[in-house]
Amino acid sequence: DSGVTQTPKHLITATGQRVTLRCSPRSGDLSVYWYQQSLDQGLQFLIQYYNGEERAKGNILERFSAQQFPDLHSELNLSSLELGDSALYFCASSYSPRGGAYNEQFFGPGTRLTVL
Amino acid sequence: TQLLEQSPQFLSIQEGENLTVYCNSSSVFSSLQWYRQEPGEGPVLLVTVVTGGEVKKLKRLTFQFGDARKDSSLHITAAQPGDTGLYLCAGGRNRDDKIIFGKGTRLHILP
């Protein structure tokens, strides 16, 4: 158990809909990262928040948005869903804002999104 | 553009054999991490290497960072069924603090 929690575990919805994925970081961690994992694209970095502020942006679509709240939990909002958005969505956390170099990230169990 | 290429994509070997998987790039990374991911779970960090030429050992796993910090290898000695999983390498870059993942090597150890 990494200490990172994600809800829901599974989500099935229809095209055009909007969903919200939730992540609670490990106790004491200030950074939250969102990743998308699909079979053909591997693990893709979407966005990072550090202590409530956006820190780094990756390949995140305009239909997707995220935020980190004062209690440090984060939500990833996916709207106008398309079939291709079906994937595993992972949240990771770390203490430092330096997500890439030198810093360990701890991953949650993921949310499996299926868009029908 | 896939900056980190992992090979092989799939590997299935018998228990007790040795194996090496690779992570290659044309880019220089400040650090490189290896993760193992099991079905239905998130990746778990195995090791971080930061110095060119660095070698780290974790029981039967040996990780090496290339001298030029563009590539890395993971060698498993006497593989066991518990080693089965998806092995991901990830490179960190100082200039933008992003971490880039390879697509992974899916390893299956046959008992």
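Here are a few things to note about the model shown:
- Verdict on residue A:42 being at positive phi, surrounded by 14 or more Cβ atoms within 10 Å (Cβ to Cβ) and touching a strand residue (DSSP E or B) at 6+ places or on another chain (Cβ under 7 Å): yes
- Set A:58, A:110: member being on the phi > 0 side of the Ramachandran plot and within 12 Å of chain B (Cβ to nearest Cβ): A:110
- The residues of the range A:45-59 that are without any contact (Cβ under 8 Å) to a residue 24 or more places away in the chain, over 16 Å from residue A:108 (Cα atoms) and surrounded by 14 or more Cβ atoms within 10 Å (Cβ to Cβ), listed by number, are A:52, A:58.
- Strands (runs of 3 or more DSSP E) within the range B:36-111 that include 1 or more residues away from chain A (no Cβ under 14 Å) and free of Cβ contacts under 8 Å to residues at least 12 places away in the same chain: B:55-58
- Subset of the range A:4-17 (residues that are within 15 Å of the chain's Cα centre (by Cα), outside any strand (DSSP E or B) and more than 11 Å from chain B (Cβ to nearest Cβ)): A:8
- Selection status of residue B:101, within 15 Å of the chain's Cα centre (by Cα), modelled with pLDDT under 95, aromatic (Phe, Trp, Tyr) and buried (at least 18 other Cβ atoms within 10 Å of the Cβ): yes
- Candidates A:91, A:23 - the one that is in contact with a Cys (Cβ under 7 Å, 6 or more places away or on another chain), within 21 Å of residue B:91 (Cα to Cα) and touching a residue at least 40 places away in the same chain (Cβ under 8 Å): A:91
The values are calculated or read from the model by the stated rules, or taken from the named source; none is laboratory data. Nothing here was measured: the structure is a model prediction, and the numbers come from that model. FYI the Cβ positions are ideal-geometry reconstructions off the backbone, even for glycines, and counts take in every protein chain you see.
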